[in-house]
Amino acid sequence: MTDVHDVQDTTAAGNAAVAASADTPLLPAATAAALAETALTRAGLSADDARDVAQALTETSLRGIDTHGLRLLPQYLDELADAIATARPEIRTIRDTGAAVMLDAGGALGVVAGLTAARTAAERARTHGVAAVGVRNSNHFGAASVYSRHLAKEGLVGIVTTSAASRVAPFSGTEPLFGTNPLSFAAAAEDDEFALDMATSQVCFGEIKERRKHAMALDAGWATDTEGRSATDPEQAYALSPLGGYKGQGLAMVATLLGAVLTGSPADWELEHIGSSTPGRGRGIGHLVVCLDPAAFAGSAQFASGLSGMLDTTRGARPGADAEQPVQVPGDPQRRIAAERTHKGIPLDPHTARAFAALAAEHGVAWPGVPA
């Protein structure tokens, strides 16, 4: 992916800024999905693909990952209109060894390619116990957790990464070389879930853009200026900093190795950024989806019991004296936000609200956004 995946950090300032406005529109999830589906269908996608993309973006926003949710719809529509993404792609199998499959996405929207890979991985993992599906010739695929959680809902373990246009300087470096290169892992047991979706940078670039919009200072250590010095002025931010110094750089390189090198895709520093790509040319992004079937290892029942025990034990850990909240596991904040937004609606930032209001007018749909 091209911008971000740190789900907790990506929502903090952006959501705070949105919540501070009394005029923030709240869009019901069903309405958001229906409007997105209509716009994507009229942009040329098949009914199934339009529904998949609309649901992926809506669910991502429901979970509070606003930088990778409904906010992306106008950009995806622009990429379709500019022939950067292909509305009716021919997704081809290049190599197939049973447990390993390599796909050419034919310039598809990344969500279409990613879900194709996830479904293929689930099918093969049930046969072989494990499966790995590589994708090349794709585009921005949104939140990596869309695909890892898709597999988790099937009772499987999902591991997902992707290449991304360069935003992050290596540790001690100055020039952006790596993308924010997400790593996502997900597994579920009964009604519970482990869902990690993290950037390998301190924050995503979407957070920098949000801070710029609202003239809010950056936290120290998030980004550097052209000389490699820490930048707190968002206008001076030149490169993002890797998560945890050299360790984050190593993880970013793992994502590049798996998403780009392994799939034969362009390196991060060779990719164009979403929103600034050359019309008529796909972005060439690569993804990797790995799937494990617990039935082939400890067994499904024992895996579910062990996962539940791990989650319960972790949440039951005694918080520190200065902790402001209980101990959580990856996915807990997003589940809480999803429950609230399902009830109240999805808050839209002003830019996204204007874009959706315009789409509603264009497609003859009543605009239901109401003040918070």
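The values are calculated or read from the model by the stated rules, or taken from the named source; none is laboratory data. This one's a predicted model, so the numbers in the text were calculated from it and none came from an experiment. Positions of Cβ are backbone-derived with ideal geometry, glycine not excepted, and every protein chain shown enters the neighbour counts. Just so you know, the surface numbers come from the protein's heavy atoms only, side chains and all, with ligands and any DNA or RNA stripped out. Shrake-Rupley method; radii C 1.70, N 1.55, O 1.52, S 1.80 Å.
Quick notes on this structure:
- Scanning the stretch 168-192 for residues that are of a type outside the set (V, I, T) and open to solvent by 40 Å² or more (accessible area, probe 1.4 Å) turns up F171, S172, E175, L177, F185, E190, D191.
- Count of residues meeting criterion [assigned to a strand (DSSP E or B) and buried (at least 16 other Cβ atoms within 10 Å of the Cβ)] in the stretch 218-237: 2
- Taking the stretch 288-311 as the range and being among the aliphatic types (A, V, I, L, M) and either in contact (Cβ under 8 Å) with a residue 12 or more places away in the chain or part of a helix (DSSP H, G or I) (or both) as the test, the residues that pass are L288, V289, V290, L292, A295, A296, A301, A304, L307, M310, L311.
- The sole residue among D52, D66 that is under 26 Å from E193 (Cβ atoms), at pLDDT below 95 and in contact with a helix residue (DSSP H, G or I) (Cβ under 9 Å, 6 or more places away or on another chain) is D66.
- Each residue in the stretch 238-255 was checked for being assigned to a helix (DSSP H, G or I), farther than 13 Å from G173 by Cβ and in contact with a Ser or Thr (Cβ under 6 Å, 6 or more places away or on another chain), and 2 of them qualify.
- In the stretch 155-167, residue farthest from G248 (Cα to Cα) [restricted to those that are in contact with a Phe, Trp or Tyr (Cβ under 7 Å, 6 or more places away or on another chain) and open to solvent by less than 30 Å² (accessible area, probe 1.4 Å)]: G158
- Selected residue (only one of A169, A199, A220 is farther than 30 Å from F303 by Cβ, small (G, A, S) and at pLDDT below 95): A220
- Matching residues, the stretch 57-77, being open to solvent by less than 10 Å² (accessible area, probe 1.4 Å), among the aliphatic types (A, V, I, L, M) and part of a helix (DSSP H, G or I): L57, L70, L72, L73
- Those residues of the stretch 44-97 which are closer than 17 Å to R281 by Cβ, of a type in the set (D, E) and touching a Leu at 6+ places or on another chain (Cβ under 8 Å), in sequence order: E79
- Of the candidates L271, L240, L251, L258, the single residue that is aliphatic (A, V, I, L, M), at pLDDT 95 or above and either surrounded by fewer than 17 Cβ atoms within 10 Å (Cβ to Cβ) or over 18 Å from C204 (Cα atoms) (or both) is L258.
- Scanning the stretch 312-324 for residues that are in a helix (DSSP H, G or I) and charged (D, E, K, R) turns up D312, R315.
- Of the residues contained in the stretch 26-37, none is found to be surrounded by 19 or more Cβ atoms within 10 Å (Cβ to Cβ), among the polar types (S, T, N, Q) and closer than 30 Å to G129 by Cα.
- Counting only strands (runs of 3 or more DSSP E) wholly contained in the stretch 92-202, the ones carrying 1 or more residues that are out of contact with any strand residue (DSSP E or B) (no Cβ under 6 Å at 6 or more places or on another chain) occupy 92-96, 183-189, 192-198.
- Residues in the stretch 309-336 that are open to solvent by 40 Å² or more (accessible area, probe 1.4 Å) and β-branched (V, I, T): T313, T314, V327.
- From the options A121, A105, A113, residue that is under 27 Å from A187 (Cβ atoms), in contact with a Cys (Cβ under 6 Å, 6 or more places away or on another chain), surrounded by 22 or more Cβ atoms within 10 Å (Cβ to Cβ) and not aromatic (F, W, Y): A121
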